[in-house]
Amino acid sequence: MSSEITHIVKRTGDIVPFKRERIANAIYRAAVAVGGRNRATAERLTDEVIRILKNTCTGTRIPTVEEVQDIVEKVLIENGHATTAKAYILYREEQARRRRRRQEGRSQRDPQNIPYRKLWEVLNWAVDHNLHNVYRLNERIAKGEFAEIVQESDLAYEKDVATAAEMIINRRDEVRIAIIAGPSSSGKTTTTRKVGEHLKTAGLSLVELNVDNYFFDLEMHPKDEFGDYDFETPQALDLLLINEHLERLIAGEDVLTPYYNFKTGRREPETIPMRIGPDDIILIDSLHGLYGEMTSAIPDEQKFKLYIETLLQMRGPDNTYIRFTDLRLMRRMVRDARERAYDPRRTLEHWHYVRSSELRHIIPYVNTTDYVINGAAPYELPILRPRLIGHFAQWVKDYQDDPNRVDAFIRAERVYKLLQAIIPVEDDSAIPPTSHIREFIGGSAYDLH
């Protein structure tokens, strides 16, 4: 006789409540990755997985995560969903590789995708300016040199922006699309505005295609058992329609682009008229601008790809380099709390989706770019500290013994230790309104919406 499944054993050995939604969302997520969007089918297949699980786990035996995943693979294949099963299997294997890397103490990044030359340039700059570890940063702050650190950091960033713009100008006869890509909170929006200013000075006209308007309706997005929707995957966008519109625009046709209403979670088709002239460049500012399928219909020679990342080369209190993702996490917390009244706790709890999508859909394409900009600024750490340290102190306590929030605890603990080691700076008046850091802390001179 079958029994109800109430708990499951995680890979860590922790026993947590069993949640049907996790299976349904995993199946639906795999289907979305290969173009499927039938949630009813995912629910039906989930029922089949649970039926098998109940017959397998009789008595008081508690199933393991691996067991459940094996059954999901079997059900997908036996019900004629081989393509979805392949996506599910590949994702499962990818996660297993990451776990092995963590256990072996190795980086999760593919060494082929790391922009070593750029990192070396940034590290040289940091050493030259005595900003290569938190203690040197603290020494300069204690000497009253915070304003000088701001000036030096912003100058380096502005040189990067000018170099990128010059490269586009030198290819003005062939480039029809300028793509500015990078992970969440890397500074894409301000960088886009600044590159645009340089190009305008050179007589080039930019016409922005807002790819956020190409999101599928919210009800078609994957979500987890906590109710979070996944906007971080490129499959959340109508990639076929983006390509169709890009081709038509470059061919000189008029296009009615959609408008995505974030309040209703629905896309309104054929809403915004758009046309480009023969000398216009289409500007795409997107998380997933490097993802091949987004612009696959356009020849590479007609595209300029710019990548921005927080390539901070500074050692933290444990003598390891501060993680780029931690810097961006803090930026997003401050910005979303200020602009959207978004609880920073939710940002932390959602960040594992952000990071997973980056590792799958952004980082692998870094070396396909034409130029890399460093969007990090050493002075943002002392500015972020007083805004966030109290939150991180509380989260370390809240998540310490929660097996469902292991990722949140690890990040919170790591960032809390970092912030504790930084001398805080409350007064941000030394940061000019043209600084890209203003995109996150407020007071920017640019229209960022």
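Quick notes on this structure:
- Scanning the stretch 253-283 for residues that are surrounded by 17 or more Cβ atoms within 10 Å (Cβ to Cβ) and more than 18 Å from F216 (Cα to Cα) yields V255, M274, I276, I281, I282, L283.
- For the stretch 71-88, a residue qualifies if it is outside any helix (DSSP H, G or I) and under 16 Å from V32 (Cβ atoms), and exactly one does: H81.
- All conditions but one from (1) closer than 29 Å to A421 by Cα; (2) in a helix (DSSP H, G or I) apply to E301; the one that does not is (1).
Condition check ((1) touching a Ser or Thr at 6+ places or on another chain (Cβ under 9 Å); (2) surrounded by fewer than 16 Cβ atoms within 10 Å (Cβ to Cβ)) across all residues:
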{"position": "D402", "(1), (2)": "no, yes"}
{"position": "R405", "(1), (2)": "no, no"}
{"position": "F409", "(1), (2)": "no, no"}
{"position": "Y416", "(1), (2)": "no, no"}
{"position": "A421", "(1), (2)": "no, no"}
{"position": "A430", "(1), (2)": "no, yes"}
{"position": "P433", "(1), (2)": "yes, yes"}
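- So E244, is it loosely packed, with under 14 Cβ neighbours inside 10 Å and at pLDDT 95 or above: yes
- Failed condition for P17, given (1) within 27 Å of D407 (Cβ to Cβ); (2) in contact (Cβ under 8 Å) with a residue 12 or more places away in the chain: (2)
- Failed item, numbered, when G13 is tested on (1) on the phi < 0 side of the Ramachandran plot; (2) out of contact with any helix residue (DSSP H, G or I) (no Cβ under 6 Å at 6 or more places or on another chain); (3) surrounded by fewer than 18 Cβ atoms within 10 Å (Cβ to Cβ): (1)
Residues are listed down the side, and each one gets a yes or a no for (1) out of contact with any Phe, Trp or Tyr (no Cβ under 6 Å at 6 or more places or on another chain); (2) without any contact (Cβ under 8 Å) to a residue 12 or more places away in the chain; (3) surrounded by 21 or more Cβ atoms within 10 Å (Cβ to Cβ); (4) among the hydrophobic types (A, V, I, L, M, F, W, C):
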site: V150; (1), (2), (3), (4): no, no, yes, yes
site: R172; (1), (2), (3), (4): yes, no, no, no
site: R176; (1), (2), (3), (4): yes, no, no, no
site: I179; (1), (2), (3), (4): yes, no, yes, yes
site: T191; (1), (2), (3), (4): yes, no, yes, no
site: G196; (1), (2), (3), (4): yes, no, yes, no
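- The one condition in (1) assigned to a helix (DSSP H, G or I); (2) at pLDDT 95 or above; (3) surrounded by 17 or more Cβ atoms within 10 Å (Cβ to Cβ); (4) not hydroxyl-bearing (S, T, Y) that A376 fails to fulfil: (1)
- Qualifying residue in the stretch 245-253 (condition: free of Cβ contacts under 8 Å to residues at least 24 places away in the same chain, touching a strand residue (DSSP E or B) at 6+ places or on another chain (Cβ under 8 Å) and basic (K, R)): yes
- The residues on offer are H198, H221, and the sole one that is at pLDDT below 90 and over 16 Å from the mean Cα position of the chain (by Cα) is H221.
- Filtered by the rule that a residue be surrounded by 14 or more Cβ atoms within 10 Å (Cβ to Cβ) and either closer than 12 Å to E4 by Cβ or in contact with a strand residue (DSSP E or B) (Cβ under 9 Å, 6 or more places away or on another chain) (or both), the stretch 30-61 gives I50, L53, K54, C57.
- When F440 is tested against (1) outside any helix (DSSP H, G or I); (2) in contact with a Lys or Arg (Cβ under 7 Å, 6 or more places away or on another chain), just one condition goes unmet, and that condition is (1).
- E67 being in contact with a helix residue (DSSP H, G or I) (Cβ under 7 Å, 6 or more places away or on another chain), of a type in the set (D, E), closer than 30 Å to A42 by Cα and modelled with pLDDT under 90: no
The values are calculated or read from the model by the stated rules, or taken from the named source; none is laboratory data. As the structure is a computational prediction, the values presented were derived from the model and not from experiment. Glycine also receives a Cβ, built like all others from the backbone with ideal geometry; neighbour counts cover every protein chain displayed.
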